[in-house]
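Rule-based calculations on the coordinates, nothing more; no lab input. For clarity, every value in this text was computed on a predicted model and none was experimentally measured. Ideal geometry is used to build each Cβ from the backbone, glycine not excepted, and the neighbour counts take in all protein chains shown.
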Amino acid sequence: MVTAKIKCTSKSETGEGDTRQVNVSFSPDYDDGRNKEWALYTPGLSLSLGLKGAVADLFEVGQAYTLQFVPTED
């Protein structure tokens, strides 16, 4: 498993109500030495999610999150 600390950097919205769509972007979070281990070998990360409005509301710009890459068995 690889774990990365990421920070929500922006949200851009289109539409309204039930048709609201939001693009949520994330970048590595290097505060307090976070990501030091993997960033030594892979110094970049870019993540963007296209989400429905209600799901996008779960993410806050400036907030840090933990992203885990876990192998699946299928």
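Please get the size of the charge dipole for the chain, origin at its Cα centre, with Cβ charges of +1 on Lys and Arg and -1 on Asp and Glu, quoted in debye to the nearest 20.
Values: 7 positive and 11 negative charges, 41 e Å.
Dipole magnitude for the chain comes out near 200 debye.
When the GluC sites (Glu not before Pro) in the chain are filtered for DSSP coil states and for at most 13 other beta-carbon atoms within 10 Å of their beta-carbon, the remaining sites are GLU16, GLU60, GLU73.
So if we plug the beta-carbon distance of LEU45 and GLU16 into 1/(1 + (r/R0)^6) with R0 = 30 Å, what FRET efficiency do we get, rounded to 0.05? Once rounded, the FRET efficiency stands at 0.40.
Set the Förster distance to 22 Å, then compute FRET efficiency between GLU60 and LYS36 from the Cβ-Cβ distance, nearest 0.05.
0.35
Only alpha carbons enter this Debye calculation for the stretch 2-69, each as an equal point scatterer, and the log10 of I(q)/I(0) it gives at q = 0.12, 0.13 Å⁻¹ is -0.35, -0.40.
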